[in-house]
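A.B. asks: Sharing a structure with you now.
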């Protein structure tokens, strides 16, 4: 009775609005798994999960998230439907998802009701506190509880989140931790790593990844300052735009008097090399393994961090980042709270932080804390993925 009243009031609050005709991307063949991120912060863990689903489950992943969030160009995306039954039916009829994964705690009553009628399994991940979608205000008795009982399982980020969901009526709740990539450690070619490590011997190294043009002067200035403390220091500079390599070489060789080697020319970082410039974004796993200190490009004066900092964390690299984390704000927040990363406010701070972390013991403390955080997230993701596989197979 309570559920019926709450659902009736919720539906009435929507008014008699006709369904909106939305042009959606074509549905791919085969199974589709739908992941919904209500905020930019929720996107990080879900995109990591999406990559694993597509590689190991052989299903296509549809991701719905805020429109201003940048996703990899190959990622299938759409706008989440308004939470009215006509729009929800149209959306589900088009995509026919085999499984839906919600995040953070957002509840969409019309969508959940339609998915339950179609026997589509639903999971909630990275759950903090349950809340109804803010498309309309009002009092809907029993509606939150009914939405939660439709979830096969709720994976809360901590014990407090688990208690909040149990109090609200969720039946299957696990205090698991935050969803991260099962293993954020990127692949690499071990013989290449061993050869470069032998070539570089005991030289101190730092890495600047995904550096946009606007941040190039800051990285160069930081390296210039750090060279005064460690004259053998090598910078591995990975530009965001690889067509910038020639301009960077000219600038650093002429203005700074540095010797710059380029990977695209098959040049090696010999003892005289001051800066080494890779030629693609396919070898980050190699660079993270070589450099004990890493600056996350895009976070200082760019449009936001270009790479997931957990990639560096998984390799035990001490992380430096600026005030513009982009979609990785929650990740940097956890790294900062766990004393696993060093925040800087401007270009001058970058040079100071780099100089400080050239001391191996200081870099090691940050790196160890970062590695621990990345390992915890991997365990949570593994559990979610195993439940997901069981639901897809019809075994849970």
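The values are calculated or read from the model by the stated rules, or taken from the named source; none is laboratory data. Please read these numbers as outputs of a predicted model, since none were measured by experiment. Note: ideal-geometry Cβ built from the backbone for every residue, glycine included; neighbour counts use all protein chains shown.
A.B. asks: Looking at this structure, is residue 89 in a strand (DSSP E or B), more than 23 Å from residue 386 (Cβ to Cβ) and over 13 Å from the mean Cα position of the chain (by Cα)? Before you say what the answer is, go through the steps one by one.
C.D. replies: Numbers: in a strand (DSSP E or B): no; more than 23 Å from residue 386 (Cβ to Cβ): yes; over 13 Å from the mean Cα position of the chain (by Cα): yes.
So residue 89 does not fit the description; no.
A.B. asks: Still on this structure, please answer the following. Can you spot a residue in region 338-359 that is surrounded by fewer than 22 Cβ atoms within 10 Å (Cβ to Cβ), at pLDDT below 85 and closer than 26 Å to residue 188 by Cα?
C.D. replies: no
A.B. asks: What number of residues within region 298-307 satisfy the criterion of being farther than 13 Å from residue 342 by Cα, buried (at least 24 other Cβ atoms within 10 Å of the Cβ) and touching a helix residue (DSSP H, G or I) at 6+ places or on another chain (Cβ under 6 Å)?
C.D. replies: Narrowing region 298-307 to residues farther than 13 Å from residue 342 by Cα: 298, 301-307.
Add one more test, that the residue is buried (at least 24 other Cβ atoms within 10 Å of the Cβ), and what stays is 298, 305.
Now drop any that are not touching a helix residue (DSSP H, G or I) at 6+ places or on another chain (Cβ under 6 Å), which leaves 305.
Of the residues in that region, 1 qualify.
A.B. asks: I would also like to ask the following. Would you check which residues across region 100-126 are more than 20 Å from residue 39 (Cα to Cα) and either without any contact (Cβ under 8 Å) to a residue 40 or more places away in the chain or surrounded by fewer than 22 Cβ atoms within 10 Å (Cβ to Cβ) (or both) and list them? Let's see the steps before the verdict.
C.D. replies: So the first thing to find is which residues in region 100-126 are more than 20 Å from residue 39 (Cα to Cα), and the list is 113-121.
Of everything in region 100-126, those that are more than 20 Å from residue 39 (Cα to Cα) and either without any contact (Cβ under 8 Å) to a residue 40 or more places away in the chain or surrounded by fewer than 22 Cβ atoms within 10 Å (Cβ to Cβ) (or both) turn out to be 113, 114, 115, 116, 117, 118, 119, 120.
A.B. asks: Could I ask something else about it? Can you name every residue in region 336-374 that is within 18 Å of the chain's Cα centre (by Cα) and touching a residue at least 40 places away in the same chain (Cβ under 8 Å)?
C.D. replies: 370, 371, 373, 374 - these are the residues of region 336-374 that are within 18 Å of the chain's Cα centre (by Cα) and touching a residue at least 40 places away in the same chain (Cβ under 8 Å).
A.B. asks: Which residue is farthest from the chain's Cα centre (by Cα), if the candidates are limited to region 253-282 and must be within 20 Å of residue 312 (Cα to Cα) and surrounded by fewer than 19 Cβ atoms within 10 Å (Cβ to Cβ)?
C.D. replies: First, pick out the residues of region 253-282 that are within 20 Å of residue 312 (Cα to Cα): 275-282.
From what's left, surrounded by fewer than 19 Cβ atoms within 10 Å (Cβ to Cβ): 279-282.
Numbers: 279: 24, 280: 20, 281: 17, 282: 17 Å.
In this case the residue turns out to be 279.
A.B. asks: Enumerate the strands (runs of 3 or more DSSP E) found wholly within region 153-238, keeping only those where 2 or more residues are assigned by TED's automatic domain parsing to the domain that holds residue 47, buried (at least 22 other Cβ atoms within 10 Å of the Cβ) and touching a residue at least 12 places away in the same chain (Cβ under 8 Å). Give the steps one after another, and end with the answer.
C.D. replies: Values: elements: 153-156, 173-175, 205-211.
Here the list reads 153-156.
A.B. asks: From the list 245, 291, exactly one residue is crowded, with 19+ Cβ neighbours inside 10 Å and out of contact with any helix residue (DSSP H, G or I) (no Cβ under 8 Å at 6 or more places or on another chain). Which is it? Explain how you work it out, then say what you get.
C.D. replies: Values: 245 fails: out of contact with any helix residue (DSSP H, G or I) (no Cβ under 8 Å at 6 or more places or on another chain).
The conditions single out 291.
A.B. asks: So which of 314, 348, 318 ends up being in contact with a strand residue (DSSP E or B) (Cβ under 7 Å, 6 or more places away or on another chain) and either assigned by TED's automatic domain parsing to the domain that holds residue 293 or under 13 Å from residue 293 (Cβ atoms) (or both)?
C.D. replies: Numbers: 314 fails: in contact with a strand residue (DSSP E or B) (Cβ under 7 Å, 6 or more places away or on another chain); 348 fails: in contact with a strand residue (DSSP E or B) (Cβ under 7 Å, 6 or more places away or on another chain).
Exactly one residue qualifies, and that residue is 318.
A.B. asks: Filter region 252-306 down to residues that are more than 19 Å from residue 242 (Cβ to Cβ) and assigned to a strand (DSSP E or B), then give me how many there are.
C.D. replies: Count: 1.
A.B. asks: I would also like to ask the following. Looking at (1) touching a strand residue (DSSP E or B) at 6+ places or on another chain (Cβ under 8 Å); (2) farther than 16 Å from residue 363 by Cβ, which is the one condition that is false for residue 226?
C.D. replies: In the conditions (1) touching a strand residue (DSSP E or B) at 6+ places or on another chain (Cβ under 8 Å); (2) farther than 16 Å from residue 363 by Cβ, residue 226 misses (2) alone.
A.B. asks: Residue 58 versus (1) in a loop (DSSP other than H, G, I, E, B); (2) in contact with a helix residue (DSSP H, G or I) (Cβ under 6 Å, 6 or more places away or on another chain): which is the lone unmet condition?
C.D. replies: Condition (2) is where residue 58 drops out.
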